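Contents: one structure, followed by commentary.
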Amino acid sequence: MRQRRYRLLRGALLVLAALLLQVGVVADLRLFDAAGDLLLVLVIAIALVEGPDRGATWGFVAGIAYDLLLDTPFGLTALVYALVGFLVGAVGVSMVRPAGWWPVVIAAVAGFLATFAYAVVGNLVGIGEPLGGVPVVALVVAGWSAVLVLPVMRLARWAVGTTEPDRIAMALPGRLS
Amino acid sequence: MALSRPRPRNTGSRARLTILLLASITLLTFGVRDVPVVRDVREGVGTVLDPVVGVVQDIGRPFANAWDGVTGYGELEEENERLRAELDEARSGAVSESDATRQLAELSRAVELPYLGDVPTVAATVVSGPRSNFSHAIEIDKGTDDGLAVNMPVVTGGGLVGRISRATGSNATVELITDPEFRVGVRVADTGALGTAEGHGRDEPLAVDTGLDPDDEVAAGAGLVTSGVDRSAYPAGIPVAEVIETRSSSGGLALELVAEPLVDVDTLSYVSVLQWEGGG
């Protein structure tokens, strides 16, 4: 129980640190008028380390935290990050344990698709973002995600890593028997 | 990898995912409706975290400046050239404009219309650009403690930048003119025709719905200023944009103007907030 509490505390501190770095520094490091998304990288890393269940949960938490500081509709980031956490975790689990360059590839693809998902869902709820500029933004986010995912996975393993198997991962057919 | 732990039922995990998605969608519904409790929580968190974000920005500024230097050097040179040419042009126009401005101020006072030059302003520094790729807002270092309030217009010497969308004691968020949700009533400076300009995203021109007939002509280069019509959120006469082309809209029944904002909102360092709470 105590271990679990420490993990939650470390995870919350990691999300807070990523949030402050994102809005304070990373958001200003623009390339082709787009910035990386450190919180998204954190969600991807946690999902790869911990699986879809905890990936979705921490995705939701990180998204809510980011939403509190943005001017876009509240809950939009939480929804997208929770989905990304779940899907990345599920992909990671289906590969037994993504190692080598696979996390980099998964992070790049996840970053690219998450940006599109954000723009599409955002348009559905009325942020009116023209989709023409999204591919460039998605490429920049994908690049940042690919570069940062390995060190962030180390941090995620330290902060929220556990030996307990992910509940959804255990429930997937043909796994962990 | 073998585990002795018994496999838990799948339903609990699915239930958690379903709950998370439903919670997100519920929050999104509140967010889209901009319910007061969400706004209050955001303002509260902003009040607590903005000073910390400021410290992080100060620490990261040298790194951000170095990044800008590396990635934006070519653009900076081009912009310098362009600005030098514009400065020469502006100097020549300034003399005749000062006389016209004086006459406008006198006329406005004579007919008791609010004159832009009479509105008190608060100068502010831009402390950060958009906080995400789909945000169209910047942060400034002045807030309610300095007399700012939500909906006050934000300008530079070049023209309209946006409006205050959120304000805490020491900081404020400025919704930029390029935000797809931004609307401002405008007047074509040459003809006096009225319209509503709306943002279309970063680096995209504004679209201006007018009541003009598609056969009417509006010259490219015509200036647009805030209309300041009754209950307008902006005082009359703030330069907004320059027409770059016209096209028919509403099935060919009306004329739509495409206009380039006069202010480059990507490169702002300082702005002025007009302490105007006229309408909106």
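The values are calculated or read from the model by the stated rules, or taken from the named source; none is laboratory data. None of these values were measured; they are calculated from a predicted model. Glycine gets a Cβ as well: all are built from the backbone with ideal geometry, and neighbour counts include every protein chain shown.
Taking residue A:133 as the residue in question, decide whether it is within 11 Å of another protein chain (Cβ to nearest Cβ), more than 24 Å from residue A:60 (Cβ to Cβ) and crowded, with 16+ Cβ neighbours inside 10 Å. Outline the logic, then answer.
Numbers: within 11 Å of another protein chain (Cβ to nearest Cβ): yes; more than 24 Å from residue A:60 (Cβ to Cβ): yes; crowded, with 16+ Cβ neighbours inside 10 Å: yes.
So residue A:133 fits the description; yes.
So which strands (runs of 3 or more DSSP E) stay within region B:116-164 end to end and still have 2 or more residues that are within 14 Å of another protein chain (Cβ to nearest Cβ), surrounded by fewer than 23 Cβ atoms within 10 Å (Cβ to Cβ) and not charged (D, E, K, R)? Give the derivation first.
Details: elements: B:121-128, B:137-140, B:153-156.
Answer list for region B:116-164: B:121-128.
Given the conditions (1) touching a Lys or Arg at 6+ places or on another chain (Cβ under 6 Å); (2) within 14 Å of chain A (Cβ to nearest Cβ), and given that residue B:176 satisfies all but one, which numbered condition is not satisfied?
Unmet for residue B:176, out of (1) touching a Lys or Arg at 6+ places or on another chain (Cβ under 6 Å); (2) within 14 Å of chain A (Cβ to nearest Cβ): (1).
Which pairs turn up if I take residues in region A:1-26 that are touching a residue at least 24 places away in the same chain (Cβ under 8 Å) and look for partners that are part of a helix (DSSP H, G or I) and of a type in the set (S, T, N, Q) with beta carbon separation below 9 Å, at least 6 apart in sequence or on another chain?
A:23/B:57
Quick one: in region B:37-73, of everything that is more than 9 Å from chain A (Cβ to nearest Cβ) and of a type in the set (Ser, Thr, Tyr), which residue is surrounded by the most Cβ atoms within 10 Å (Cβ to Cβ)?
B:47
Return a yes/no flag: does region A:1-8 have any residue that is within 26 Å of residue B:22 (Cα to Cα), touching a helix residue (DSSP H, G or I) at 6+ places or on another chain (Cβ under 9 Å), surrounded by fewer than 23 Cβ atoms within 10 Å (Cβ to Cβ) and not acidic (Asp, Glu).
Step one: of region A:1-8, the residues within 26 Å of residue B:22 (Cα to Cα) are A:4-5, A:7-8.
Next, only the ones that are touching a helix residue (DSSP H, G or I) at 6+ places or on another chain (Cβ under 9 Å) stay: A:7-8.
Now drop any that are not surrounded by fewer than 23 Cβ atoms within 10 Å (Cβ to Cβ), which leaves A:7-8.
Retained after the next criterion (residues that are not acidic (Asp, Glu)): A:7-8.
So far as region A:1-8 goes, yes, one or more of its residues are within 26 Å of residue B:22 (Cα to Cα), touching a helix residue (DSSP H, G or I) at 6+ places or on another chain (Cβ under 9 Å), surrounded by fewer than 23 Cβ atoms within 10 Å (Cβ to Cβ) and not acidic (Asp, Glu).
Here are some residues: B:192, B:221, B:201, B:237. Which one is within 14 Å of chain A (Cβ to nearest Cβ) and at positive phi?
On the way: B:192 fails: within 14 Å of chain A (Cβ to nearest Cβ); B:221 fails: within 14 Å of chain A (Cβ to nearest Cβ); B:237 fails: within 14 Å of chain A (Cβ to nearest Cβ).
Result: B:201 is the single residue among B:192, B:221, B:201, B:237 that is within 14 Å of chain A (Cβ to nearest Cβ) and at positive phi.
What tally of residues in region A:92-120 results from selecting those that are facing chain B (nearest Cβ under 10 Å) and at pLDDT 90 or above?
Initial filter on region A:92-120 (facing chain B (nearest Cβ under 10 Å)): A:96-97, A:115, A:118-119.
Narrowing further to those that are at pLDDT 90 or above: A:115, A:118-119.
Of the residues in that region, 3 qualify.
For the list (1) modelled with pLDDT of 90 or more; (2) surrounded by fewer than 24 Cβ atoms within 10 Å (Cβ to Cβ), I need the number of the one condition that residue A:28 fails.
That leaves (1) as the condition not met.
Regarding residue B:34, is this residue within 11 Å of another protein chain (Cβ to nearest Cβ), within 29 Å of residue B:272 (Cβ to Cβ) and at pLDDT below 80?
Details: within 11 Å of another protein chain (Cβ to nearest Cβ): yes; within 29 Å of residue B:272 (Cβ to Cβ): yes; at pLDDT below 80: yes.
Answer is yes for this residue.
Just to verify a result, which residue in region A:38-88, among those that are at the interface with chain B (Cβ under 7 Å from one of its Cβ atoms), over 16 Å from residue B:16 (Cβ atoms) and touching a residue at least 24 places away in the same chain (Cβ under 8 Å), is surrounded by the most Cβ atoms within 10 Å (Cβ to Cβ)?
The selected residue is A:76.
Test residue B:190 against the stated conditions and say whether it is of a type outside the set (Lys, Arg) and not in a strand (DSSP E or B).
Working: of a type outside the set (Lys, Arg): yes; not in a strand (DSSP E or B): yes.
Criteria met by residue B:190.
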